[in-house]
1. Restricting the search to segment 228-241, which residues are assigned to a loop (DSSP other than H, G, I, E, B), modelled with pLDDT of 85 or more and in contact with a strand residue (DSSP E or B) (Cβ under 8 Å, 6 or more places away or on another chain)?
2. Can you name every residue in segment 264-288 that is farther than 26 Å from LYS195 by Cβ and either outside any helix (DSSP H, G or I) or not hydrophobic (A, V, I, L, M, F, W, C) (or both)?
3. Being outside any helix (DSSP H, G or I) and either of a type in the set (Gly, Ala, Ser) or at pLDDT 75 or above (or both) is the filter here, so list the residues in segment 1-44 that pass it.
4. Determine the pairs where a residue that is under 11 Å from LYS215 (Cα atoms) and aromatic (Phe, Trp, Tyr), located within segment 232-246, has a partner that is open to solvent by 50 Å² or more (accessible area, probe 1.4 Å) and assigned to a loop (DSSP other than H, G, I, E, B) with Cβ atoms under 8 Å apart, the partner being 6 or more residues away or on another chain.
5. When LYS158 is evaluated against the numbered criteria (1) in contact with a Ser or Thr (Cβ under 9 Å, 6 or more places away or on another chain); (2) within 21 Å of THR17 (Cα to Cα); (3) among the basic types (Lys, Arg), which criterion, by number, is the only one it fails?
6. Tell me which of these VAL208 doesn't satisfy, since it passes every other one: (1) modelled with pLDDT under 90; (2) closer than 20 Å to SER90 by Cβ.
7. Quickly run through segment 52-75 and pick out the residues that are at pLDDT below 85 and either polar (S, T, N, Q) or surrounded by fewer than 12 Cβ atoms within 10 Å (Cβ to Cβ) (or both).
8. Within segment 220-227, is there a residue that is more than 24 Å from ILE161 (Cα to Cα), part of a strand (DSSP E or B) and among the β-branched types (Val, Ile, Thr)?
Amino acid sequence: METKDLLKKVRKIEIKTRRLSDHIFSGEYHTSFKGRGMTFSEVRQYQFGDDVRAIDWNVTARYNEPYIKVFEEERELTMMLMVDISGSESFGTKNQLKSEIVTEIAATMAFSATQNNDKIGLILFSDEIELYIPPKKGKSHVLRIIRELIEFKPKSNKTNISQALKFLSSVMKKKAIVFFISDFITDDNYEHTLKIAGKKHDITGIRVYDIREEKMPNVGMVNMLDAETGETLLVNTNSKSVRISYEKYYREKVDFFKDTFSKCGSGTVNTRVDESYVTKLLGYFKSR
């Protein structure tokens, strides 16, 4: 993509997603995620009415009079965007590809975090870590993230969610708000690593999917390309058993995603390419 076209595309996404984050998401994001962490501020003398459970017994013994620990709400948080850029994301039968909706969601979340003066980082992954941008603040940083989401070309078309979660745990030592954006249909071997990462971080899985992925249409003999392996298969979609088997396979992947995230204490959002992700995200924030 030429630089001029890229900048035009970045600007278009910025205008759309910034408006959403400014007027809709920033308040909901703040309410949902701010104030959940408390950090130590100082030690001061005990005053009448203070909670005795906050007494610092070591300092109290040293000075022979009661002192308490004072905590304050953690104001600055870190948001990590974990984005699946494997081959299956380049699919769409409506107005947009899954990858385009993923980019819009990531940009909206990033601008929402910027409104709260939080840091934003990015992990692009396939079955390997394709790109890591460490968390930073500022509009120019967010625009760089959007440029990478638009332009980055992965080395691999496959998916390894567990590998991405392991990398998250290795680079993020402090608690982060994590939005994990994928279709979650080609990998179901991530329960253990999600459980470990979920103990430290506030993780939300955002599943972006296309209506044509839910059911196989009856259109006769069709050559189908596996976007992740590159393998082409001749499929008889006239066969009811073939269509039923596919739907069963798809439903199992979706159920695994929902059940696993729930079991690991993480949130989930499901949004179809032709639906309003704004409505889905707002509903999720309000339910927290």
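The values are calculated or read from the model by the stated rules, or taken from the named source; none is laboratory data. Bear in mind that the values here come from a model prediction, so they are computed numbers and not experimental data. Neighbour counts are summed over all protein chains in view; Cβ atoms, including those assigned to glycine, are modelled from backbone coordinates with ideal geometry. For accessibility, only protein heavy atoms count, side chains too; no ligands or nucleic acids. Shrake-Rupley method; radii C 1.70, N 1.55, O 1.52, S 1.80 Å.
1. Of all residues in segment 228-241, those assigned to a loop (DSSP other than H, G, I, E, B) come to 228-231, 237-239.
From what's left, modelled with pLDDT of 85 or more: 238-239.
Within segment 228-241, ASN238 is the sole residue that qualifies.
2. First, pick out the residues of segment 264-288 that are farther than 26 Å from LYS195 by Cβ: 272-279, 282, 286.
ARG272, VAL273, ASP274, GLU275, SER276, TYR277, THR279, LYS286 - these are the residues of segment 264-288 that are farther than 26 Å from LYS195 by Cβ and either outside any helix (DSSP H, G or I) or not hydrophobic (A, V, I, L, M, F, W, C) (or both).
3. Taking segment 1-44 and keeping what is outside any helix (DSSP H, G or I), we get 1-2, 34-44.
Result: GLY35, GLY37, SER41, GLU42, VAL43, ARG44.
4. Within 8 Å, the pairs are TYR246/LYS215.
5. (2)
6. Tallying (1) modelled with pLDDT under 90; (2) closer than 20 Å to SER90 by Cβ, VAL208 fails exactly one: (1).
7. To start, the set of residues in segment 52-75 that are at pLDDT below 85 comprises 70-75.
Listed by number, the residues that qualify are GLU72, GLU73.
8. Scanning segment 220-227, I find at least one residue that is more than 24 Å from ILE161 (Cα to Cα), part of a strand (DSSP E or B) and among the β-branched types (Val, Ile, Thr), so the answer is yes.
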